[in-house]
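Presented below is the structure to which this report refers.
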Amino acid sequence: MATFDSNTVGSDVSPSFSPSLSIEQNVEVVELGDGYQQRLLNGLNTKKRRWTLPFNSRSDAVTTNILNFLESSTGGNNGQKAFTWTPPYGLTGKWVCDTINVEKIAYDLNNISLQFVEVFET
C-alpha cells in the first residue's frame, strides 16, 4: 500500500493552513416514545474522518506529482485504492481521495483542494 508523503509523491505534500476535519458518527438512534431515545454504536468502526486539505500556491510540477499519485495504480488509483496517510493530528489510517479540485491562479501556480475519506479494510 502506497503512502501519501513527500518520499512517495516526490514533492512537498504538507497542506496549507486551514485544513478542516469532519467526523461522521455511525450511531443508530431508536425513538422509544415520550422523547426518550436509545443510541447504539453501529459496527466496529463507529466514526469516519473526512479531511479537506488545501494545497495553495503550488507549482505545476508539484500539482502534477500530487495528481499523478492519486491517479496511479500504485497510489490512489482514481479513488479506487486506499493509501496510507497521517493527518495533522490523529492516527495514521487508510484513506481514499474522493474529490479533487485544481484552480490555476497564475503562470506555474495552482491551488489544489483534496478531500480524503477514511476507509476501513483489511
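Structure notes:
- Accessible area of the chain belonging to carbon and sulfur atoms, whole % at 1.4 Å probe: 49 percent
- Cα pair distances exceeding 15 angstrom across the stretch 78-122, given as percent: 52 percent
- With the biggest extent put first, the Cα atoms of the stretch 1-42 measure 58, 27, 6 Å across the principal axes.
- A Cβ-based charge dipole, computed about the Cα centre of the stretch 19-122 with Lys and Arg at +1 and Asp and Glu at -1, lands at about 240 debye.
- Using C-alpha pairs under 8 Å with a sequence gap of at least 6, the mean separation divided by the residue count of the stretch 14-115 gives a relative contact order of 25 percent.
- Chymotrypsin sites (Phe, Trp or Tyr not before Pro) within the stretch 1-99, DSSP loop, no more than 14 other Cβ atoms inside 10 Å: F17, Y89
- Cross-link partners of K104 among aspartates and glutamates (Cα-Cα below 18 Å; sequence separation of 8 or more within a chain): D60
- Given +1 at the Cβ of Lys and Arg, -1 at the Cβ of Asp and Glu and no other charges, the dipole of the stretch 1-67 around its Cα centre is 80 debye to the nearest 20.
- Residues of type aspartates and glutamates that K81 reaches as a straight line, Cα spacing below 15 Å, ignoring anything fewer than 8 places off in the same chain: E71, D98, E118, E121
- In this label model, I100 and T3 are separated by 2.2 nm, measuring between points 7 Å along each Cα→Cβ vector.
- Percent of beta bridges antiparallel (DSSP, the chain, rounded to nearest 5): 95 percent
- Per residue, the stretch 2-122 exposes 62 Å² of solvent-accessible protein surface, assessed with a 1.4 angstrom probe and all protein chains in place.
The values are calculated or read from the model by the stated rules, or taken from the named source; none is laboratory data. Here the structure is a predicted model, which means the values were calculated and not measured. Virtual Cβ from ideal backbone geometry, glycine too; neighbours counted across all protein chains shown. Note: areas computed on protein heavy atoms with side chains; ligands, DNA, RNA excluded. Shrake-Rupley method; radii C 1.70, N 1.55, O 1.52, S 1.80 Å.
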